[in-house]
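Notes to accompany the following structure.
What follows is calculated from the coordinates using simple rules that are stated; it is not laboratory data. Here the structure is a predicted model, which is why all the values come from computation and not from measurement. Note: ideal-geometry Cβ built from the backbone for every residue, glycine included; neighbour counts use all protein chains shown.
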Amino acid sequence: MRLLHTSDWHLGKRLDLFSRIEEQRQVLDEISELAELHKVDAVLVSGDLFDSFNPSTEAQELFYAALKRMSGNGSRPVIAIAGNHDSADAIQAPVPLARLHGIVLIGYITSSLPEITTDSGVTISFPAPGAVRIERDGLSTLNVLASPYANERRIQDILKERGEQVKSPARPVTDSELIAGLSNLWDSTAAAAFRSEDVNVMAAHLYAIDKTRGQGEDQDQDWNQGQGQEQDPGQGQEQLQLELEEPTGAVESLAEPEDEKPILYKGGLPPVPVTAFPALSQYVALGHLHKGHFVCPKPVPVAYCGSPLAYSRSESEQQKYVYLIDLEPGAEALVKQLPLQSGLPVLRPVCESTDEAVQWLAEHQEAYVELTLQLDNYLSSEERRRIFAAHDRILSIIPEIRGAEMHEEAKVVDVSQSIDTLFAEYYAAEHQGSAPPKELTELFREVLSAAKDEK
Ligand SMILES: [Mn+2]
């Protein structure tokens, strides 16, 4: 059996002011083509389907069109779970129509639906709340433990309902109690749904860590206080090998994506150690982190496939993937990373003059650009105009003024300078070294003279 793992589509997401909807359309088409080309039996989408709780109409249209194509009109089941950017209710709203097409949309950890057989002969059932079973002739049965994003409160409510109240009235619940409760919930779902003669996998939206690879973190560490210690953005520079035939030791721990809603906060969801996942699971398909990587490669791969497009400046050097997973009952999973071609990269050049920047921009039109300019003087509005005229997708310009460090160290303002110079210095300090626009300087003078007149 062959699965395709994708996640973090963030449909409707913008990069600053730039719409990404056309790139999203292209990359979802590419993913459907890969599913067809590689004869994938089922698709797992591990959350953050949309970028917001109230996605635009065009984002919703794209979502439904992409799911319909990906599902091969019901012959290739698609199981999609909600992430922390998604509204669980909104994700589940089209369920009655979606399930007819073999598309399973899961908003809650305990979601469950009646059995259905699609026109293509695929039977989809829920042997337990939160567990999907896919059956079809000539193929092993697939069980998917689906764990959409749930925050602390939602998990506590579920545990309370099950009579496993973790919160004692005397004190707040600790991170490890919460994770233990969630792990017990998964274990009982897996006990009801996973069978050794089937293929068993898990799909979840969370922040996973492998404690055996860390520096011996304290089990009871309060994440709020310890935040940052387990994350090492410095390791994010390593690139995984393309077309990895089998998971190797390429393991990283990464920060949560920049510009994204975090889940590692008090009341969110603390990091989940890989030991918390149910034992019979043969692959854990994760969503949340935007860089494709293995949290743990063996014996059970626990993997983030990452987002299909670069969604932030921090993703500028990342190749994007979907993962193909070959699975047989009781056997180790074989994971292959398929690089994606669609979408524009985010580039972060450093130039030493406006001329050099304009030249570079002319040669790199098909990208989003965060330009760092190392200059001797503040950028004039004329230079700024030249740069913006040279490229349509400039995210920002970061002027680095040579010798500016000395200014900052001194932190002494020479008040004997003209009021115009003082204003320009103040403006530059507040606006990363830019010169104030002419109109603003004129307005400033006007206000100043008006104030003088009043005296
Ligand atoms: Mn997320």
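Key figures for this structure:
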{"read-out": "In degrees, nearest ten, helix 21-37 long axis to first principal axis of the chain (Cα)", "value": "30"}
{"read-out": "5 angstrom amide H check on V43, placed H, neighbours 5+ away", "value": "L4, V78, I79"}
{"read-out": "Residue-averaged 222 nm ellipticity for the chain, from DSSP H runs of 4+ at -39500 (n - 2.57), nearest 500", "value": "-8500 deg cm²/dmol"}
{"read-out": "When each of K39/K68; K266/K298; K266/K336 is checked by Cα-Cα distance, pairs over 27 Å", "value": "K266/K298; K266/K336"}
{"read-out": "FRET E, pair A389, T174, Förster distance 51 Å, beta-carbon r, rounded to 0.05", "value": "0.35"}
{"read-out": "Label-point separation, T275 to N73 (7 Å along Cα→Cβ), nm", "value": "5.1"}
{"read-out": "At R0 = 56 Å, FRET efficiency that the Cβ-Cβ distance of A450 and A65 yields, to 0.05", "value": "0.45"}
{"read-out": "Relative contact order of the chain, pairs being alpha-carbon contacts under 8 Å that are 6 or more residues apart, as %", "value": "14"}
{"read-out": "Rel. contact order, % - alpha carbon contacts under 8 angstrom, at least six apart, the range 346-454", "value": "24"}
{"read-out": "Karplus 3J(HN,Hα) series, Hz, for the range 2-16 with 6.51 cos²θ - 1.76 cosθ + 1.60 (x for Gly, Pro)", "value": "10, 10, 10, 10, 9, 6, 6, 5, 6, 4, x, 5, 10, 9, 6"}
{"read-out": "Normalised contact order of the range 307-351, rounded percent, pairs of Cα under 8 Å and 6 or more residues apart", "value": "44"}
{"read-out": "Efficiency of FRET between A331 and S380 - r from beta-carbon atoms, R0 56 angstrom, step 0.05", "value": "0.30"}
{"read-out": "The chain - share of DSSP beta bridges that are antiparallel (%, nearest 5)", "value": "40"}
{"read-out": "Burial ordering of K211, K68, K39, fewest other beta-carbon atoms within 10 Å first", "value": "K39, K211, K68"}
{"read-out": "Sequence-distant residues sharing a close amide H with I209 (under 5 Å, placed H)", "value": "V272, V274"}
{"read-out": "Protection proxy ranking of 341-349, 199-207, 115-123 - average other beta-carbon atoms within 10 Å, highest first", "value": "199-207, 341-349, 115-123"}
{"read-out": "³J(HN,Hα) computed for each position of the range 100-107 - Karplus, 6.51 cos²θ - 1.76 cosθ + 1.60, integer Hz, glycine/proline x", "value": "5, 9, x, 9, 9, 10, 10, x"}
